[in-house]
Structure formats: structure tokens, C-alpha cells
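Single-structure report; data block below.
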Amino acid sequence: MAEAAAVAHDDHHYTSTGLNSWKVGFWTFIGSECLFFGTLLSTYMVYKGAALQGPYPGDVFDIPLTTISTFVLLMSSLAMVLALDGVQRGNKRLALFWLGVVIVFGSIFLGFQYYEFTHFVHEGLTLQQSVFGSTFFVLTGFHGAHVTVGVIWMISLFVMGLRDKLPPEKALSVEIAGLYWHFVDIVWIVIFVLVYLIP
Amino acid sequence: MSVSTAPAPATSPETHHEDTGLWSWITTVDHKRIGIMYFVTSLFFLGVGGIEALIIRLQLFSPENQLISAQVYNQLFTMHGTTMIFLVAMPQAVAFFNYIVPLQIGARDVAFPRLNALSYWIYLFGAIYLNVSWFVGAAPNTSWVGYANLTSTQFSPGLNVDFWVLGLSILGVSSIMGGVNFITTIINLRAPGMKLMRMPLFTWMTFVTSFLLVTALPVIAVALILLAFDRFFATNFFVASAGGDPVLWQHLFWIFGHPEVYILVLPAFGVISDVIPAFSRKPLFGYPVVVYAGVLIGFIGWGVWSHHMFTSGLGPIADSFFVASTMIIAIPTGVKIFNWMATMWGGAIRFTTAMMFAVGLVALFTVGGLSGIMHSSAPVDLQQHDSYFVVAHFHYVIVGGILLGMFSGVYYWFPKVTGRLLDEKLGKLHFWSTIIGFNLTFFPMHFSGMYGMPRRTWTYRAELNVEIYNQLSTVGAFFLGASTLLLLWNIWKSLKSGEKAGHNPWGAPTLEWSIPSPPHHYNFPALPEVRSREPLWNDDERAAIEAVTLHEPATEPEMPNPSFWPIVVAFGITITWALVMTGIWWVPLLGLAFTALGVYAWAFEDPFKKKAAH
């Protein structure tokens, strides 16, 4: 009983698994997001080839270009890992540098997407043009919105770091932001394979 | 902020943390208060949905009745279904999750108290938004399943479907966050020794339900998003002429919709799995089997959705698969029924009102379950689809299962929440009038359905010979409505002058009965150590636990501060969705910016920061 009382005294940090609750909660949320993107992707796959008028996927996709933006996004995940490492070690310069890289790479990816979207619209593929346009823009648009949220999150962490508010004890908040960032990356890998690479 | 730091009224030092007043409820992050708010709100909407049902029943009282127009009738049955499922049954279960689960597992609160408050406020604002549609004369009118392409702008040009699609999107956010919160709470905040296989069944069913919430709600969220894009941005997701497929809506809806059925019913199963052992004075028969059956229902519940679509023409292979999976899911449900009966067998049964409602559930849910097995057969279903037979079936499941389970929970846990017992005499009157009213309303629908009376049709012709069944149903519905007033009267009366309940008036075995009634805001002065499934039924374990839980500590445990950011963020989310109605793409971004500000303020608020000294 003394043990239980001691545990109780340690108030809001006690958990039955020893895992931080934010981490458990965030993994659960990611599970939920999997179903969200899973449903959007299924919709895309169900409607694959159902467009009644062009442009069709083969007419607009520029695989080398998207490969570059995909590579940039994947590299941002590496930067994310290094940024977390920097925060955990209490190395402010390293942490800020790599967080900066995540922000820049994330923004480059969004820039590519902006270019791609405007280019497609220019080619005649709009949201309303066909089920291909509808499914493509809604799926990749929601992914892009997730990346945007991630970039804003990273900028917030960057500003906190600048103000010395990211000590190693706060590494968990960077780790959770990282979980989100990696998840958004993985979703892109699936989108890239299913939407772009499979003809 | 100035309000929370205002000088506290002179109160005794023991109670100075129990703030009162409207502001304390608006900013509360206490799971118990949030539970009470969920309960009261859902009870209010039970009244709203009930009145809608009564108007429907009046319209159907006689053939070719002209009481209301077909247009109003469409709005009434759509809002009745939507209200009862999303604004009554789900939040009522969440009310119990909130109040009871932390107490059952020995936690001081849920894992994310502010997120919990956010879930509630979104639910409240979403519910208000959905019902505002009545006041602009455009309540949703395409039924709670909103099949494409009836919901397209071409066939439903008004605001009706807009309110529905956006309102449900708002409510979905609330449910997903609630699911995340309860999964984390149950995984992480169990008291020492509260292993998973020692958790009370209600907590277990909350756990399974929460997994269904976080996995099923995103599916409907996407379906609603696609529909919203079709309506506001002229996309082609469900437009057949552009290559879209209206049947996709049915798939997405029911991939959510069938797990949703178990989201609704598993909490009720959980309630009576705690109530029946408590009043049989016997541990639950086959505890692990009941747990596994619940988990199995959660899994198989994902593989039966197309039994709602046997008339969509999916072909014999798909139909056969879903016939088989639907028949299989009846097995774990049947297992539970037998376990409840075996628990009662040979027990020292006390027929309190809570127990009577629990037994009522076992009986009436079984009736609904049996008619469910009838429709699991595709050829039979083809005859019954969209007839009143189906209406009878799912009301036996939803009212006979869920509502009775929730009533059982109300009578069981009311003394814990308020410190007073509900009146048993009035309670029994409530029980019997509910049973009579319920069967009188819904049993005749089996017959009107078999005679060919279609669902969702505002009137019927005399030649169909279903008038007598409809009249019985209408009389029964008013009886049922009146019986619910008995519950309200009982709550009102007992709150004022009910018999005082001790901390464990029923001699129940689980942890929530080891603390005072009503509990302190911190629930447990120190965390108790649990050594068995029925900790309060083992004398030395109970003594050890109650030494901890009934002890008044010199210094109260530190609890998170109240916060008003949840209500701000909830308002922002609701406004963001509501502004989509303008049809201008950048207007909702204003709401989003407002939400973002709230989220930032929230993120940088320290919930444990010491308040300014009083």
C-alpha cells in the first residue's frame, strides 16, 4: 500500500504502462488517420479508370518531377529524426538547424504541389472535370493540408527553440510532432505508389 | 480569466475546490461534470427526438391522414433517426463513459481532460447547428442514411442536406476525440493491479467501443467530405452521369454504419454486464468469454456492412459472404445472452429497477436479434427491406437494447453521481410502463411490415389493412413517451428528497463503489491497489481499498485547472463547418483561423499552473 500511496503522490505523471499518455493518444489518433486516408485512397482506387473525359492520369502526371518532390519529403523525415536527436541532447543549434530543414523541405514539397495543381488545371484537369479530377485533387489536397499543418507545427517548434523553450525535457513534444510528420510522409509514399506509379 | 481569479466566496476549507456557478461548468475539465452535461444534453435531445416520433405516429394513426405534409414528414423521420443515433444514443453512452470509467479503473480523470471538454462542446454546438435547420424551415429530409444521389444538389437543392452533411461532420470530430481519449485513459490510467482482465465489463465495452469510434468515424467523415464537395464544389463523386457511383456512398456509409450499430449497443451490454452480477450476488459467468465475445463483435462488425445493401444488386458472391458473416456475428452476441442468463442462474437475485431493466434488455434485445437473423438471409431480406418489419427489428435492438441498458445504468449509478437513491416504486412503474409502451409500439410493426407497409412513406392506403397495427403503435408510442416522463419526475423528486445512498448502496463489487457518493472532484485520495475482478467482494481487499479511498486526505491531490479554451475551440470548429454553407471557399478559413488561435492558446496553457493565491 505504501507503494501505491507513493505512486499516487506522483500525481499526474503516473501511467499503468509507463508510456506517456500523449504518445498513446497520438498513436491512436494516427490509427484513426490511417482509416481516413485509407478511405480516400479506396475511393481513388474504386474510381480508377472511371473518368468519362480527359485529361487522364497518363496525360498529366510528370513522374520524374513528382519523384523529386517525393525525395525531398522523404529527406525531411530524416531531418526530423536529427532534429529530435538535437533536442534530446540539448543541442540547440543542431535542433534548430534540422527543424529548419524540415520546414524548408516541407515547404518545397508544398511548392511542388502548388505547381502541379496549377499545371494540371492549366491542362484542363479541374476538380469538376471528371471523377479522376475529383478523386485526385481531394486525396492529394487533404494530404497537402496535412503537410501544411505539419509545417506550421514545425515553425511553432522552431520559434519555441529560438526562445530556448525546447529543453531536453520538452523532447516529447518534438517526438510527437515527428510522429505526425513521419505519418504524413508514409501516407505520401502510399499515394505516390498507388496514384502515380501504378499505371 | 478575471472570473477565475476573483475572490472565492467564503466556504469551508474542505470544499473550496468544488467551484460552483455557470462559469465553473463552462470551463470544467472534470470528467464527472462533463459526464453530467453529456447526460442532461442527451436527455434533452431524447425529448426532441421523441416528440418528432410522436408527430410521425400521429400522422400514421389513420390511412391517408393529412395532419402534416409529406415534406414535413420527410424532415421528421430524418431528424428523428439522426437525433436518436447521434444526439441521444451515442452521447448517452459517452455520458456513462465519462462519469463511470475513470472511477471503475481507479483514475482521477481521463487522460486528456481538456480534450474531453472539447468533445462535449463540439457535440453540443453540432447538435444545436443541426437543429437550427428547423428554424429556417430546412431540416434534413433524406433519411439518416442520406443515400446518394438523392442528396445531390440536383435532387435536393435546398439547405436541408447541407445542414445534415455539415452537422454530422462536426459531430464526428467530437466522437473521434472521445475515442482517442478513452482508449488512452483505459490503457494508461488504470490503478495499480487493475490488469486488463480485471477491468469491469463496462470499462471493457467502452474500450472496444472507443476503438470502433476512432476507426469507423473517419470512414463516414470521408463520405461526408465527398458529399460536401459534390454539393459545394460541384465534384462528381456520386454523379453517375460523370462516372461517379452512387453505390459507393452506400458502401462508405455502411462500412461506418454497421460498426456504428455496435458503437451503440456495446456500452449497453457493458452496463448490464455490471448490473446483472451486482444484483445476482455472483461474479459474471464466464468473464473472459464475455470480454472476448465483445472484442469479437467489434472485429466481425467490420465485415457485415453489405447486409444493409442486399437490394443494391451486388451479386451472389458478395451477398453470400455477407449472409455468412452476418449469421456468424450472431454467435458472440448469443454467447453474451447465455452468459447473462448463467450469471443469474442460482444467484441471490434482487429485482431492483436497475436489475429489471437489465433483464428487460436480455429479453427484448433477443427479440430484435432474432428478427435480425431473419434478415441476414438475403432472399428473406429482399422481402422485408424498407418495410416496417425492419423498423420493428431495429427499434427492438435500439430501444429494447440500448435505451433499456442506459435506463438500467441510470438507476444503478444515480446514487453514485448524486448521493441519493432513485425512488424504487416510481422506478418499477417506469419499468413496467416502458415495457408495455415499447412492445405496444413496436411489436405491431412486425405485422404492418409483413403486410407490406413501406418505411419512410408519409401515409398509407386503407386497402393495405394495416390501420389497426398503426393505431396500436401510436397509442403505444404515447404510452412510452409518458413513461419517460416518469423517469424525469423520479430524477427531480430523488434529487430533492431521495433516500441517502451510502458509498455502496447495492453491495456492488467494482471500484467506483469504494469512494464516497458523490465522489470528491479528485475521485481517489490515493490510488487503490486492486487484486481481483471483484475487489469489494473480498473482505480483506475491500478493507485495504476502502482504507485508501474513504480516507480524507490532509492535502488534496493536484487536479488540472479549469480552461475555457475547449469551448472556444469547439465554437471555432463549428463555425468553420457552418461557414462552408456560404459556398465561398475562403470564408471557412476565417473560422479555421479562429480555431487555430484557440488551439495555440490551449497548447501554451499549463493545466497544472498554480492559481493566483486566494
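A compact table of results
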| read-out | value |
| --- | --- |
| Computed FRET value (nearest 0.05) for A:PHE71 with A:HIS122, which takes r as the C-beta separation and R₀ as 30 Å | 0.75 |
| Approximate shape of region A:30-197 as ellipsoid semi-axes (Cα gyration tensor, √5λ), whole Å, largest first | 34, 15, 12 |
| Computed lengthening from B:THR366 to B:SER241, 0.36 nm per intervening residue step minus Cα-Cα distance | 40.6 nm |
| Leading residue at positive end of dipole, the protein assembly as shown (Cβ point charges), from B:HIS430, A:LEU194, A:VAL72 | B:HIS430 |
| Inter-site label distance for B:TYR600 and B:PHE233 at 7 Å from Cα along Cβ, in nm | 2.6 nm |
| Alpha-carbon spread of the protein assembly as shown, three principal axes, descending order, Å | 76, 75, 47 |
| A:VAL159-B:TRP25 FRET efficiency (beta carbon distance; Förster radius 35 Å; 0.05 resolution) | 0.50 |
| Net length gained if the chain between B:ASN538 and B:VAL587 were fully extended (0.36 nm per residue, minus Cα distance) | 11.5 nm |
| Residues with amide H under 5 Å from that of B:SER387, placed H, sequence gap 5 or more | B:ARG455 |
| Between region B:313-340 and region B:147-205, the alpha-carbon center distance in angstrom | 24 Å |
| Other protein chain Cβ atoms within 10 Å, averaged over every residue that makes up A:126-133 | 5 |
| Kyte-Doolittle mean at least 0.5, axial Cα span of 27 Å or more - DSSP H helices of chain B | B:31-59, B:113-135, B:160-188, B:201-233, B:246-280, B:316-344, B:353-376, B:467-497 |
| Nearest-ten-degree value, helix A:171-191 long axis tilted from longest Cα axis of chain A | 20 degrees |
| Label zone at B:THR457 (point 7 Å along Cα-to-Cβ), backbone N below 20 Å, region B:390-425 | B:390-395 |
| Sequence-separation-based contact order of chain A, relative, with Cα cut under 8 Å and 6+ spacing, percent | 29 percent |
| Cα-projected label distance for B:VAL289 with A:ILE63, points at 7 Å along beta-carbon direction, nm | 5.7 nm |
| Average Cα contact separation per residue, chain B, under 8 Å, 6 or more apart, as relative contact order % | 18 percent |
| For B:ARG420, distant residues with modelled amide H under 5 Å away | B:ALA501 |
| Carbon/sulfur fraction of accessible area - chain B, other protein chains in place, 1.4 Å, % | 71 percent |
| Pair A:GLN88, B:LEU429: separation of 7 Å Cα→Cβ label points (nm) | 6.7 nm |
| Theoretical gain in end-to-end length, B:SER69 to B:GLN471 [0.36 nm per residue, Cα-Cα removed] | 142.8 nm |
| Per-residue average of Cβ from other chains inside 10 Å of B:522-533 | 3 |
| Modelled FRET efficiency - R0 56 Å, A:ILE189 with B:LEU550, Cβ distances, 0.05 increments | 0.50 |
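The values are calculated or read from the model by the stated rules, or taken from the named source; none is laboratory data. Just so you know, these numbers come straight off a predicted model, no measurement behind them. Here Cβ is always computed from backbone atoms with ideal geometry, including for glycine, and neighbour counts include all displayed protein chains. These accessible areas exclude ligands, DNA and RNA; they are computed on the full protein's heavy atoms, side chains included. Shrake-Rupley method; radii C 1.70, N 1.55, O 1.52, S 1.80 Å.
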